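**Q** So that we are looking at the same thing, I have put the structure below in structure tokens.
Every number in this text was worked out from the coordinates using simple rules, so none of it is lab data. None of the values given here were measured: they were computed from a predicted structure. Note that we place each Cβ from the backbone using ideal geometry, even for glycine, and neighbour counts take in every protein chain shown.
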Amino acid sequence: MSPHVDLKLVSSATLLVSACVYLCNYKILIMDQGWVLHKSIGLYFRWDNLTARYIWATKEYSTNALGPLRPGPLRDEWERNYELSADFRPHNNVSFDPFMQYILDWGISKGEETIHDRFYADGGWEAWVQSETHSDLPDFVDRYDALWREQHVYANSPGDKADLLLSLEPAAPAQPSSVLLELKVELGRSDPTRSRVPEMIQKVRDDIQKIQNANLHYLVPISGARVGRPCHAYVVALTVTDEGYRAMERIGMSLEPSRQRQGEATCPFKVWWFRRVIN
């Protein structure tokens, strides 16, 4: 005779195992909320869909069913950013952007003399900025995987190239899988009587239009560069003079808050940006 099987006991055991698996998965879901430590700022950051901005905290807060626990991270972020003397206005959705902070870090590493020499050099400094950031940004970026330059990422406009395409690993919730950067710089004057800021304004507006209309490949033809989703696509403009500052302010670009502690160098340029999240 076959041994007697207590179906009630089997059913209870099955339910117990299922509950354990569910709780384990729930714990993983709660603990892994995509917080990433920013090397230079020393804060954790994650993307917040509710406010369409990055939020920052001094530790990895867990979340509830409605999203990141508040007001913990926001209050923590406010106090920390006040300490860093940042222009921080959370109610206006203005906060540190981790990728724009990497560009500020890069500018600080180059130094004021180098940036000003390049700004006033014959032929402009945009190609130099694109080349140097392509070479140097891997040293600054958290979750760095790969960085490509001049990639045909636009499926709807095959002739256009992105200045920089950054792939990020490992994959994490509430974090982009790739970052696209269209870089523009304020143009130095070869003729003191003629401003070149209108040229910059037009280039920035053209790139904003390109990002707004963008339909991106997942894999770039020929090169195979990965355009992971979500992709945070930026138009980035660097300004040196007050005239350039006023121009970017006038057309509605977001100014990335600078941060400085006593004794630290400041970035020789201002970083302005427009961002679109592409899923």
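**Q** As a quick test, which of the pairs LYS110/LYS203; LYS203/LYS270; LYS39/LYS161; LYS184/LYS270; LYS39/LYS203 have an alpha carbon distance above 20 angstrom in this structure?
**A** Checking Cα-Cα distances, LYS110/LYS203; LYS39/LYS161; LYS39/LYS203 exceed 20 Å.
**Q** Quick one: length gained pulling HIS217 to THR241 fully straight, 0.36 nm per residue minus the C-alpha distance?
**A** Here the answer is 5.0 nm.
**Q** Pop a pseudo-label 7 angstrom from the Cα along the beta-carbon direction at both SER135 and SER195 and give the gap in nm to one decimal.
**A** Simple spin-label model gives 3.4 nm for this pair.
**Q** May I pose another question? So for TYR102, TYR144, TYR218, fewest C-beta neighbours within 10 Å to most, what's the order?
**A** TYR218, TYR144, TYR102
**Q** Rounded to a whole number, what is D in µm²/s for region 98-278 from Stokes-Einstein with the Kirkwood radius over alpha-carbon pairs (20 °C, 1.002 mPa s)?
**A** Answer, rounded: 127 µm²/s.
**Q** If you rank GLU169, GLU132 by fewest surrounding Cβ atoms within 10 Å, what's the result?
**A** Neighbour counts put them in this order, fewest first: GLU169, GLU132.
**Q** Describe numerically, in nm with one decimal, the distance between label points set 7 Å from Cα along Cα→Cβ at ALA127 and at GLN209.
**A** Those two pseudo-labels are separated by 2.5 nm.
**Q** For region 137-142, what does the Karplus curve 6.51 cos²θ - 1.76 cosθ + 1.60, with θ = phi - 60°, yield as ³J(HN,Hα) per residue in whole Hz, taken in order and with x for Gly and Pro?
**A** 4, x, 6, 10, 7, 7
**Q** Let me ask something additional. Pick out, from ILE251, TYR234, TYR218, the residue whose Cα sits farthest towards the positive end of the charge dipole of region 120-273, with +1 on the Cβ of Lys and Arg and -1 on the Cβ of Asp and Glu.
**A** Looking along the dipole axis, the top candidate is ILE251.
**Q** Can you put TRP128, TRP35, TRP273 in order of Cβ neighbours within 10 angstrom, beginning with the fewest?
**A** TRP128, TRP273, TRP35
**Q** Counting Lys and Arg as +1 and Asp and Glu as -1, what is the net charge of the other residues whose Cβ lies under 11 Å from the Cβ of GLN202?
**A** Taking every other residue near GLN202 into account, the sum is +1.
**Q** Related question: Name the long-range amide H neighbours of TRP125: under 5 Å, sequence gap of 5 or more, or other chain; modelled H, no Pro or chain starts.
**A** Placed amide hydrogens put GLY188 under 5 Å from TRP125.
**Q** With the crude spin-label approximation of a point 7 Å out along Cα→Cβ, what separation in nm comes out for GLN202 versus SER157?
**A** 1.5
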